[in-house]
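For reference, the structure discussed in these notes is given below.
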Amino acid sequence: MIEFSASILNCDFARLGSEIKAAEEAGVDAFHLDVMDGHSVPNISFGPPVTKHLRNLTKLPLRAHLMITDPVRYAPKFIETGADEVLYHIEVADSDTLPKLLELGKPVGISMNPDTHLESVYPILPKLSQVLLMSVYPGFGGQRFIPETLFRIETLKREIERQGLSVPVSVDGGVNPETAPDIRNAGASILVVGSALFRSVDYAEVVRQVKG
């Protein structure tokens with residue numbers, strides 16, 4: 001089953017309520033919150049107040065993608081304001097990061113930049129709710145999909161199956177109706193889509209094409 005996770009980074013924040021409603025009606029499965037601190041990535045987005053507002057607008061899952069240098073410090077604030085799942089970057093983690101995040105009682109996933117070795121996540125796969133492969137370098141929306149990501153999806157999927165796990169592989173960056181078929185065929189089951197959705201004139205058609 002393919003899941004469509006709508007990244008709100010590229011939506012029209014001046015009409016956030018109607019954007020969320022339109023995305024729901026189009027058939028999205030979850031909302032992806034790109035949280036940037038200006039340190040871990042070269043941009044700043046939004047914080048827990050937006051999560052709280054979103055929680056009042058939708059019952060769909062909210063996934064906080066923490067592109068920040070101190071996920072352990074800030075993850076509780078996103079959970080308190082309504083996040084159902086937390087994703088943190090393995091590049092900023094130490095040995096205590098995952099155990100401390102798991103103590104918060106919500107599913108925890110890992111995100112990996114395009115140049116991060118896949119092997120670094122293998123030992124902790126059984127504890128993760130998902131592995132999010134960045135198919136662009138994080139920090140800005142609307143970037144082109146990096147083709148080498150397809151090989152990374154296939155490689156990671158093989159390792160997950162070798163360990164006898166069912167951890168979903170998620171992909172974020174440059175996902176659109178043109179790139180989605182190859183991403184699905186490579187083994188990803190959660191597709192994060194931002195600009196291709198919110199800059200389109202037919203949200204439902206984008207969801208249909210991306211999910212296949």
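The values are calculated or read from the model by the stated rules, or taken from the named source; none is laboratory data. Note that the coordinates shown come from a computational prediction; the quantities given were computed from them, not determined experimentally. For neighbour counting, all protein chains shown are included, and Cβ atoms are generated from backbone atoms with ideal geometry for every residue, glycine included.
Which residue is nearest to the chain's Cα centre (by Cα), if the candidates are limited to the stretch 169-212 and must be over 17 Å from residue 20 (Cα atoms) and among the polar types (S, T, N, Q)? Result: 170.
Screening residue 120 with (1) buried (at least 16 other Cβ atoms within 10 Å of the Cβ); (2) among the small types (Gly, Ala, Ser); (3) not in a loop (DSSP other than H, G, I, E, B) gives one miss only, at (1).
Taken together, 62, 33 contain a single residue that is within 15 Å of residue 138 (Cβ to Cβ) and either aromatic (Phe, Trp, Tyr) or under 13 Å from the mean Cα position of the chain (by Cα) (or both), which is 33.
When the stretch 169-186 is filtered for residues that are part of a helix (DSSP H, G or I), surrounded by 23 or more Cβ atoms within 10 Å (Cβ to Cβ) and small (Gly, Ala, Ser), only 180 remains. Here residue 94 fulfils each of the conditions (1) more than 15 Å from the chain's Cα centre (by Cα); (2) among the acidic types (Asp, Glu); (3) at pLDDT 95 or above apart from (3). Right, residue 154: more than 16 Å from the chain's Cα centre (by Cα), charged (D, E, K, R) and either surrounded by 14 or more Cβ atoms within 10 Å (Cβ to Cβ) or in a helix (DSSP H, G or I) (or both) or not? When the stated conditions are applied, residue 154 passes them. Which of (1) among the hydrophobic types (A, V, I, L, M, F, W, C); (2) over 28 Å from residue 184 (Cα atoms); (3) touching a Lys or Arg at 6+ places or on another chain (Cβ under 8 Å) is the odd one out, the single condition residue 93 does not satisfy? Every listed condition holds for residue 93 apart from (3).
When residue 175 is tested against the conditions (1) farther than 16 Å from residue 33 by Cα; (2) in contact (Cβ under 8 Å) with a residue 24 or more places away in the chain, the lone failure is (1). Taking the criterion of being in a loop (DSSP other than H, G, I, E, B), in contact with a helix residue (DSSP H, G or I) (Cβ under 8 Å, 6 or more places away or on another chain) and surrounded by fewer than 19 Cβ atoms within 10 Å (Cβ to Cβ), the residues of the stretch 188-201 that qualify are 199, 200.
Do we have residue 166 as within 13 Å of the chain's Cα centre (by Cα) and in a loop (DSSP other than H, G, I, E, B) here? No. Scanning the stretch 100-155 for residues being without any contact (Cβ under 8 Å) to a residue 60 or more places away in the chain, out of contact with any strand residue (DSSP E or B) (no Cβ under 7 Å at 6 or more places or on another chain) and small (Gly, Ala, Ser) gives a total of 2.
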